[in-house]
Amino acid sequence: MIKIFRTNENNKLVQLGINEAVSGSWFNLIKPTDEEINKVSLILGLDEDFLRNSLDVDERSRIEIDNGNVLVITNVPIMTEDGNFDTLPLGIVLTPTCLITVCSRENNIISSFNKETAHFFNTNNKTGFMLKILYRSAKFYLKYLGMINRATDVVEEELKKTTNNKALFQLIEVQRTLVYFSTALKDNDLVLQKILRMTKQSTPLIRTTEEEDDLLEDAIIENKQAIEMVEMHRTILESMMDGFASIINNNLNLVIKFLTATTIILSIPTMIGGLWGMNVPVPFGHNPYGFLIIIMMSILVAILTVIFFRRKGMF
């Protein structure tokens, strides 16, 4: 899918047809077909690989330069249909005339740049627009990390009441998400640092104003804060998982200890009954109260065994 926008003289975002694209246009490609990629590359004189690279879900964050065109690939956070979180490559291509965003699926970062928020960005300012996308990506990482933290607190409360597999699987999913976030954020930090160096070169490919320099620094700070939050959550989660593993093992030991003690106690009446059930002369064999005596003896021995086990901490 291709959508082309441009900020007009009234600072309004207007949509254009592919044949109406002019300098300052924003080409937004979401899950583009081969035909659409070929069409955009011909119109803007781009290498098709510049557009295809961002569609690989395993693509790492990086910067590539070719014939005055700059490709910035950053990994952005997404929320899946089942409520989990993941990361996805987002390509931002700066050409001498236009800006292109390429992604393999819809995402909240690009969706947040629309006609309602048009007064916050300008497609004619390609560098500023790119930096705002990178800044928005870092903010979404922080937002999703907050959601993950709240969800983890809920799971922790559930595990305090009952240790069930569903809650443990949720914690494992959170761990997986934090690993993806940590890797993506560290790669994004390298990209932001490289952009910072490119702006300070004597002949910069990415030219920025003082305001845009501040925005870039803000994006770097937000990204570093997200990295620190991820590491903190990972440490807390690992400690929590270790703690719950110890609790599960301790509970299992208590159950085994209880069942062992119960088995021994229940075996005492069975053993006594077996001895008096043999077809040989036994004490109280002719006593009219013999059965009652044997029952009381079994109960007494069982009670004494229970008292002994309680003193030993078996119950």
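The values are calculated or read from the model by the stated rules, or taken from the named source; none is laboratory data. For clarity, every value in this text was computed on a predicted model and none was experimentally measured. Cβ sites come from the backbone with ideal geometry, for glycine too, and all protein chains shown count toward neighbours.
Go over the candidates Ser267, Ser239 one by one and state the one that is surrounded by fewer than 15 Cβ atoms within 10 Å (Cβ to Cβ), within 30 Å of Thr183 (Cβ to Cβ) and out of contact with any strand residue (DSSP E or B) (no Cβ under 7 Å at 6 or more places or on another chain).
Result: Ser239 is the single residue among Ser267, Ser239 that is surrounded by fewer than 15 Cβ atoms within 10 Å (Cβ to Cβ), within 30 Å of Thr183 (Cβ to Cβ) and out of contact with any strand residue (DSSP E or B) (no Cβ under 7 Å at 6 or more places or on another chain).
Are any of the residues in the range 84-103 buried (at least 20 other Cβ atoms within 10 Å of the Cβ), touching an Asp or Glu at 6+ places or on another chain (Cβ under 6 Å), under 25 Å from Tyr141 (Cα atoms) and without any contact (Cβ under 8 Å) to a residue 40 or more places away in the chain?
yes
Search the range 24-79 for residues being of a type in the set (Lys, Arg) and more than 27 Å from Gly146 (Cα to Cα), and hand back the single one that is modelled with the highest pLDDT.
By that ranking, first place goes to Lys31.
Any residue at all in the range 153-176 that is part of a helix (DSSP H, G or I) and of a type in the set (Ser, Thr, Tyr)?
Of all residues in the range 153-176, those part of a helix (DSSP H, G or I) come to 153-161, 165-176.
Checking the rest, the ones that are also of a type in the set (Ser, Thr, Tyr) come to none.
No, the range 153-176 contains no residue that is part of a helix (DSSP H, G or I) and of a type in the set (Ser, Thr, Tyr).
Kindly establish whether Thr80 is of a type in the set (Val, Ile, Thr), out of contact with any Ser or Thr (no Cβ under 9 Å at 6 or more places or on another chain) and without any contact (Cβ under 8 Å) to a residue 12 or more places away in the chain.
Yes.
Out of the range 192-217, which residues are assigned to a helix (DSSP H, G or I) and surrounded by fewer than 16 Cβ atoms within 10 Å (Cβ to Cβ)?
Step one: of the range 192-217, the residues assigned to a helix (DSSP H, G or I) are 192-199, 210-217.
Listed by number, the residues that qualify are Gln193, Lys194, Arg197, Glu210, Glu211, Asp213, Asp214, Glu217.
Inside the range 261-287, can you point out the residues that are in a helix (DSSP H, G or I) and over 23 Å from Lys312 (Cβ atoms)? Give the steps one after another, and end with the answer.
Here is the first cut: in the range 261-287, the residues in a helix (DSSP H, G or I) are 261-276.
If the condition is that a residue be in a helix (DSSP H, G or I) and over 23 Å from Lys312 (Cβ atoms), then Gly273, Gly274, Leu275, Trp276 are the ones that fit.
Confirm whether Val179 is at pLDDT 85 or above and buried (at least 17 other Cβ atoms within 10 Å of the Cβ). First the steps, then the outcome.
Working: at pLDDT 85 or above: yes; buried (at least 17 other Cβ atoms within 10 Å of the Cβ): no.
The answer is no for Val179.
Exactly one of (1) out of contact with any Cys (no Cβ under 7 Å at 6 or more places or on another chain); (2) touching a residue at least 60 places away in the same chain (Cβ under 8 Å) is unmet by Phe27. Its number?
(1)
Can you name the number of the only condition in (1) loosely packed, with under 15 Cβ neighbours inside 10 Å; (2) modelled with pLDDT of 85 or more that Asn19 fails?
Here Asn19 clears every test but (2).
Going by what's in this entry, would Lys143 be described as of a type in the set (Lys, Arg), out of contact with any Phe, Trp or Tyr (no Cβ under 6 Å at 6 or more places or on another chain), in the same structural domain as Met232 (by TED's automatic domain parsing) and at pLDDT below 85?
no
Name the pairs: first residue in the range 247-260 and within 14 Å of Leu159 (Cα to Cα) and part of a helix (DSSP H, G or I), second residue among the hydrophobic types (A, V, I, L, M, F, W, C) and at pLDDT below 85, Cβ to Cβ under 9 Å, at least 6 apart or on different chains?
Close Cβ pairs satisfying both conditions: Ile247/Leu159; Ile248/Leu168.
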